[in-house]
Amino acid sequence: MVVGLLLLVLLIVFIAQNQVSVPLQYFGWSGSVGLGLALFMSAVAGGLVIAIVGVARIMQLRSTTATQRKKLDH
């Protein structure tokens, strides 16, 4: 928990020190946001993509394992 809090403080410092406004465009949406926040949003989006792919792979492996167990039981 202490390590998590330390990382959170470091993240807040990073975002606070990178407040230069940068333009963003995404599927017709455009606006400007601080650089630190833009990088944070990108990292979170990347983490979500990796998590979704991981969950899909785990589900695929569980399905394959269940199918193989059924074949062995019969």
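What the table below lists for this structure:
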| read-out | value |
| --- | --- |
| Every residue from region 1-56 that is of a type in the set (G, A, S) and part of a helix (DSSP H, G or I) | G4, A16, G36, A38, S42, A43, A45, G46, G47, A51, G54, A56 |
| Selection count where residues are exposed (fewer than 12 other Cβ atoms within 10 Å of the Cβ) and in contact with a Ser or Thr (Cβ under 7 Å, 6 or more places away or on another chain), scope region 28-49 | 1 |
| Region 36-67 - residue that is small (G, A, S) and modelled with pLDDT of 95 or more and, of those, nearest to V22 (Cα to Cα) | A51 |
| Residue check for Q25: open to solvent by 50 Å² or more (accessible area, probe 1.4 Å) and in contact (Cβ under 8 Å) with a residue 12 or more places away in the chain | no |
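Residue-by-condition table, conditions (1) surrounded by 10 or more Cβ atoms within 10 Å (Cβ to Cβ); (2) in contact with a strand residue (DSSP E or B) (Cβ under 9 Å, 6 or more places away or on another chain):
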residue: G4; (1), (2): no, no
residue: I15; (1), (2): yes, yes
residue: N18; (1), (2): yes, yes
residue: S21; (1), (2): yes, yes
residue: G54; (1), (2): yes, no
residue: R62; (1), (2): yes, no
residue: K71; (1), (2): no, no
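The values are calculated or read from the model by the stated rules, or taken from the named source; none is laboratory data. All values derive from a computational prediction rather than experimental measurement. When we count neighbours, we look across all protein chains shown, and the Cβ atoms used for this are built from the backbone with ideal geometry, even at glycine. Just the protein is used for accessible areas: all its heavy atoms, side chains included, with ligands, DNA and RNA removed. Shrake-Rupley method; radii C 1.70, N 1.55, O 1.52, S 1.80 Å.
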